[in-house]
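**Q** Please find one structure pasted underneath; my questions will follow.
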Amino acid sequence: MEVGCGAGNAVFPLLEDINDPRLFVYACDYSSIAVDVVKASKAYDQHRCAAFVWDLASTELPPNVVPGSIDIMLMVFVFSALHPNQWKQAVANAHRLLKPGGVLLFRDYGRNDLAQLRFKRSRLLEDNLYIRGDGTRVYFFTNEELAEIFGSLFEIEQNAIDRRLIINRKRELKLYRVWLQAKFRKPISSD
């Protein structure tokens, strides 16, 4: 299951590269426009994929996904769009959807990422939470925050920082992209 599937940039390569008939991918996004783009793609195969609108922070699970049935969940630059008061519900939803032993693969913005440093003070909503020009939110995490947010329900198998140096030779600037990558596992003995 990919939460925040956007235009299908992860879903379609998975479907193309993995020919195992047991593979079925749920692709959901908060945006109905994104889901429509996925469904309109010539690569969309409803026998191998189901795309639908769903809010990760909803109090309801998606009706077409059986709780405890997901082997692998992918969240790439999704969690940062949630308000901090939505995190607990979002983590609980991921936990409820995953099978015992299931894995949540996570990638999102890290503290002091180039994007954060470029935000003007007027875009700051709360500590490390900003509003973009399009009205969406973005939060910049630390590893310690991720451990606190996910650690009560998941085993933390990886919680790493990915720093990438960007060099602007013309302006003689060295800037960093900072992303957090994590792998959380639902315990086998989890309820």
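The values are calculated or read from the model by the stated rules, or taken from the named source; none is laboratory data. No experiment lies behind these values; they were computed from the predicted model shown. Cβ atoms come from the backbone with ideal geometry, glycine included; neighbour counts cover every protein chain shown.
**Q** Go through Ile156, Ile188, Ile161 for me and flag whichever is in contact with a helix residue (DSSP H, G or I) (Cβ under 7 Å, 6 or more places away or on another chain) and touching a residue at least 40 places away in the same chain (Cβ under 8 Å).
**A** Of the residues listed, the single one that is in contact with a helix residue (DSSP H, G or I) (Cβ under 7 Å, 6 or more places away or on another chain) and touching a residue at least 40 places away in the same chain (Cβ under 8 Å) is Ile161.
**Q** Also, I was wondering about something else. Within the set of pairs 6 or more residues apart or between chains, which connect a residue that is over 13 Å from Ile161 (Cβ atoms) inside the stretch 102-129 to a residue that is not in a strand (DSSP E or B) with Cβ atoms less than 7 Å apart?
**A** Listed pairs, sorted by first residue: Gly102/Lys186; Leu104/Ala94; Leu104/Phe154; Gln116/Phe140; Asn128/Arg111; Asn128/Phe140; Leu129/Pro84.
**Q** Scan the stretch 143-159 for residues that are assigned to a strand (DSSP E or B) and surrounded by 14 or more Cβ atoms within 10 Å (Cβ to Cβ) and jot them down. Before you say what the answer is, go through the steps one by one.
**A** Going residue by residue through the stretch 143-159, those that are assigned to a strand (DSSP E or B) are 155-159.
Scanning the stretch 143-159 gives Glu155, Ile156, Asn159.
**Q** Something else about it: Would you confirm, using the coordinates I've provided, whether Lys174 is closer than 16 Å to Met73 by Cα and in a strand (DSSP E or B)?
**A** When the stated conditions are applied, Lys174 does not pass them.
**Q** Yes or no: the stretch 41-59 includes at least one residue that is within 26 Å of Ile188 (Cα to Cα), in a strand (DSSP E or B) and without any contact (Cβ under 8 Å) to a residue 60 or more places away in the chain.
**A** Within the stretch 41-59, not a single residue is within 26 Å of Ile188 (Cα to Cα), in a strand (DSSP E or B) and without any contact (Cβ under 8 Å) to a residue 60 or more places away in the chain.
**Q** Given the condition polar (S, T, N, Q), part of a loop (DSSP other than H, G, I, E, B), at pLDDT below 95 and within 20 Å of Leu74 (Cα to Cα), answer yes or no: does some residue in the stretch 95-116 qualify? Step through it out loud before you land on a result.
**A** As a first pass, look at the stretch 95-116 and keep what is polar (S, T, N, Q): 112, 116.
Those left that are additionally part of a loop (DSSP other than H, G, I, E, B): 112.
Remaining after also requiring at pLDDT below 95: 112.
When the remaining residues are screened for being within 20 Å of Leu74 (Cα to Cα), the result is none.
No, the stretch 95-116 contains no residue that is polar (S, T, N, Q), part of a loop (DSSP other than H, G, I, E, B), at pLDDT below 95 and within 20 Å of Leu74 (Cα to Cα).
**Q** Now for a separate question. Identify the residue in the stretch 95-142 that is surrounded by fewer than 18 Cβ atoms within 10 Å (Cβ to Cβ) and of a type in the set (Asp, Glu) and, among all such residues, is nearest to Tyr30 (Cα to Cα).
**A** Taking the candidates together, the pick is Asp134.
**Q** Another question, if that's okay. Collect the residues in the stretch 60-82 that are assigned to a helix (DSSP H, G or I) and aromatic (Phe, Trp, Tyr), keeping them in residue-number order.
**A** The one that is assigned to a helix (DSSP H, G or I) and aromatic (Phe, Trp, Tyr): Phe79.
**Q** Considering only residues of the stretch 13-44 that are among the hydroxyl-bearing types (Ser, Thr, Tyr) and surrounded by fewer than 18 Cβ atoms within 10 Å (Cβ to Cβ), which is farthest from Leu56 (Cα to Cα)?
**A** Applying the filter and picking the extreme gives Ser41.
**Q** Name the single residue, out of those in the stretch 117-128 being among the hydrophobic types (A, V, I, L, M, F, W, C) and not in a helix (DSSP H, G or I), that is farthest from Val66 (Cα to Cα).
**A** Ranking the qualifying residues of the stretch 117-128, first place goes to Phe119.
**Q** Related question: With the condition kept exactly as written, say whether any residue in the stretch 56-64 is within 20 Å of Val138 (Cα to Cα), at pLDDT 95 or above, surrounded by 15 or more Cβ atoms within 10 Å (Cβ to Cβ) and touching a Gly at 6+ places or on another chain (Cβ under 9 Å).
**A** yes
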